[in-house]
Amino acid sequence: MEFIKVKEDHLERILKWRTSEHVTRYMFTDIEYSIENQKKWFEKISNDETSKYWVIKAKGELIGLVSLNNIDLFHQRAYWAYYIGEEKFNMVGAMVGPYIYNYAFKQLKLHKLLGEVMAENVNVRKIHLMHGCREVGYYKDHIFKYNKFHDVYIYEMLSSTWEKHKEKYKKYIGQFEE
């Protein structure tokens, strides 16, 4: 798997993914299909030193997006999130975590990664647990979407916890373009 830094060439594809029903249903916000707004988003993330965004490439195809956000080098932590935009690659999504954990803990020397997942996104919640994340708890009625409130579960992975899994996931070293 490769992780290519988001470039302007990717914006239309990312917008298509981000506004597709299978992705947006689990996102905290909904966005309109606007290439102009997408360019503004790109400018914002390009100038944000506390975030990194990559498109995910697997089997020669661009399949989704992964990011590290709110990177705090003093406290050695960050949040991470991803989605698979190409539905035929949904199963590959289960393996994005090990790549990002190996990168964050080995390359960036972070101590902790955090993630937040809408309660209804049961598969991603299971994936976090499968990789060894600790379910910290949840925010009750945290997101208002589809005319109702949704709970959001919080997950954390410590570098020391990931170290216990390193043998199982040692081959999941990706190329992360800087």
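The values are calculated or read from the model by the stated rules, or taken from the named source; none is laboratory data. Worth saying up front: this structure is predicted, and the values here are computed from it rather than measured. So basically every Cβ, Gly included, is an ideal-geometry build from the backbone, and we count neighbours across all protein chains shown.
Miscellaneous remarks
- Extreme residue, modelled with the lowest pLDDT, among residues of region 66-89 that are touching a helix residue (DSSP H, G or I) at 6+ places or on another chain (Cβ under 8 Å) and more than 15 Å from residue 51 (Cα to Cα): 87
- Entry remark, region 2-60: residues being surrounded by fewer than 16 Cβ atoms within 10 Å (Cβ to Cβ), out of contact with any strand residue (DSSP E or B) (no Cβ under 7 Å at 6 or more places or on another chain) and among the aromatic types (Phe, Trp, Tyr) number 1 in total.
- Condition met for residue 111 (over 25 Å from residue 1 (Cβ atoms), at pLDDT 95 or above and of a type outside the set (Val, Ile, Thr)): no
- Residue match in region 127-137 (condition: crowded, with 17+ Cβ neighbours inside 10 Å, touching an Asp or Glu at 6+ places or on another chain (Cβ under 7 Å), of a type outside the set (Ser, Thr, Tyr) and over 20 Å from residue 25 (Cβ atoms)): yes
- Listed by position, the strands (runs of 3 or more DSSP E) contained in region 44-110 that have at least 3 residues being out of contact with any Asp or Glu (no Cβ under 6 Å at 6 or more places or on another chain) and without any contact (Cβ under 8 Å) to a residue 24 or more places away in the chain are 61-72.
- Residue within region 120-136 that is in a strand (DSSP E or B), out of contact with any Gly (no Cβ under 7 Å at 6 or more places or on another chain) and either among the aromatic types (Phe, Trp, Tyr) or touching a residue at least 60 places away in the same chain (Cβ under 8 Å) (or both) present: no
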